[in-house]
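Reviewing the structure listed below.
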Amino acid sequence: MRSRTHCRTRCRTRSLTRDRLRAAVAVVSGLGLAVSLAACGKAAQVGERVGTAGTHRAALRIGLLLPENEIVRFERFDKPLIQKRVKELCPRCTVNYASAQHDPAAQRYQIEAMITNGADVLILDAVDTRAVRHSVIQARRANVPVVAYDRLAQGPISGYVSFDGAEVGRLQGKALLKALGPHAEDRRIVMMNGSSTDPNAGWFERGARSVLRGKVKIAKSYETVAWRPENANRNMTAAIAALGPHGIDGVLAANDGLAAGAITAMKTARIRPLPPVTGQDAEAAGIQRILSGEQYMTVYKPFKPEAYTAAEMAVALGQGKSLNGIATRRVDNETVRGIPAVLLRPVAVTVHNIKSTVIKDRLYRVDQICTEKYADDCRRAGLIGPGGS
């Protein structure tokens, strides 16, 4: 049986690129180890649980599939927070993790590998929400519930947790208008949107446009493929060439990575002073750019409640329980109506409320933000005293 499973796995990987193969091999190796450990510990497990999918061992195997490891939040916050909450709820449960590294095909393979290796429930943040639809259908056929995390994947999803994307865009739009000051209708801005494969990108953009429409001139608007900062850099370079170095009054960047790419392009073009730039995710580098005046704001999405809710949904579904006590809303995707959902509220962060948001919530310590390079900026913002403490 083991040799036949290995053969099927090897045959599947022949069609993958080298990068896809590398990601797939990593997750299959991890899954194999997890399954072996689960088998070794089976004799020590006590009790049964009976749910909608039948009878299972008390220790759930939860698959966590994240889209990439370049955005800081996934590795630093989402992954460890989900793992921590699962352990609190279910000490013997295991969390098997895979990063797709921006590759939709690799993520589909990872989903299928987790199903094959006996996952009881999946938490999925899709690289391409449409591309995973067939894999989500396969999970349903195998009685493996799928919790859509951060992005609403297509297919028969069992639960969904994210932040209100329209509110993210509205916060960015309102902040940018405030930064532009009076007579913003005469100002020209560039919109640096996310990837079209991510429904959140469209959600953010629609929220921003609902605020900006008729109040400012949107001179250029770009999709940023795969949310990569280098693509944002290229888009911004093109905008500068088209509008001129003095023809851009503001940049609505969908997240901090895109803000970084746009700011680098403007600095390369020697644009001084830099126009106000928005962001999202409250990355440490983004907070530091806000302190130094290179970036105007970011949108802070407290990752702990999002990650904890996903873990709670996964454990409940794996135990055959309803999400009625967790979900507060219902959403639809192109496949299913009335998906139990939790949509959390984001927070706008500028230089004036860093201390009362990301520092207060212990997202970062002061010393992690206020390095020597940013010490003077931190003193001006009141994060450290005159003596540097």
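What follows is calculated from the coordinates using simple rules that are stated; it is not laboratory data. Given the structure is predicted, the values throughout are model-derived calculations rather than measurements. A quick note on method: Cβ atoms are made from the backbone with ideal geometry, for glycine too, and the neighbour counts reach across all protein chains shown.
Taking a straight line from the alpha carbon of K87, these lysines sit under 21 Å away, with near neighbours fewer than eight places off in the same chain left out: K42, K79, K304, K321. Applying 1/(1 + (r/R0)^6) with R0 = 30 Å to the Cβ-Cβ distance of H134 and K304 gives a FRET efficiency near 0.40.
Using 0.36 nm per residue and subtracting the Cα-Cα separation, the extra length available between A284 and I218 on full extension is 20.9 nm. Determine the relative contact order of segment 130-197: mean sequence separation of Cα pairs under 8 Å and six or more apart, normalised by residue count, in whole percent. Normalised by residue count, the contact order of segment 130-197 is 22 percent. A simple spin-label model places pseudo-atoms 7 Å from Cα toward Cβ; at R92 and T328 they are separated by 3.4 nm.
Which of the three applies to segment 346-385, rounded, prolate or oblate, going by the alpha-carbon gyration tensor with a ≥ b ≥ c and a/c under 1.5 meaning rounded? Taking the square roots of the gyration eigenvalues as a ≥ b ≥ c, segment 346-385 is prolate. Using the Cβ-Cβ distance between K321 and D361 with R0 set to 45 Å, the FRET efficiency from 1/(1 + (r/R0)^6) comes to roughly 0.95. Using the Cβ-Cβ distance between S196 and R272 with R0 = 41 Å, the FRET efficiency computed as 1/(1 + (r/R0)^6) comes to roughly 0.80. Dipole of segment 64-154 (Lys/Arg Cβ +1, Asp/Glu Cβ -1, origin at the Cα centre): which of T129, A142, P67 lies farthest to the positive side? Projecting each Cα onto the dipole axis, the largest value belongs to A142. In summary, the lysines within cross-link reach of K217, defined as a Cα separation below 24 angstrom excluding same-chain residues under 8 places away, comprise K174, K178, K267. Say a paramagnetic label sat at a point 7 Å from the Cα of E75, along Cα to Cβ; which residues of segment 84-121 have their backbone N under 17 Å from it? Output list for this probe position: 97-103.
Its Cα centre serving as origin, segment 60-201 has a Cβ charge dipole (Lys and Arg +1, Asp and Glu -1) of approximately 300 debye. Taking every C-alpha pair closer than 8 Å and separated by at least 6 residues, the mean separation divided by the residue count of segment 234-389 gives a relative contact order of 18 percent. Once both labels are positioned 7 Å from their Cα atoms along Cα-to-Cβ, the gap between D376 and R337 label points is 6.1 nm.
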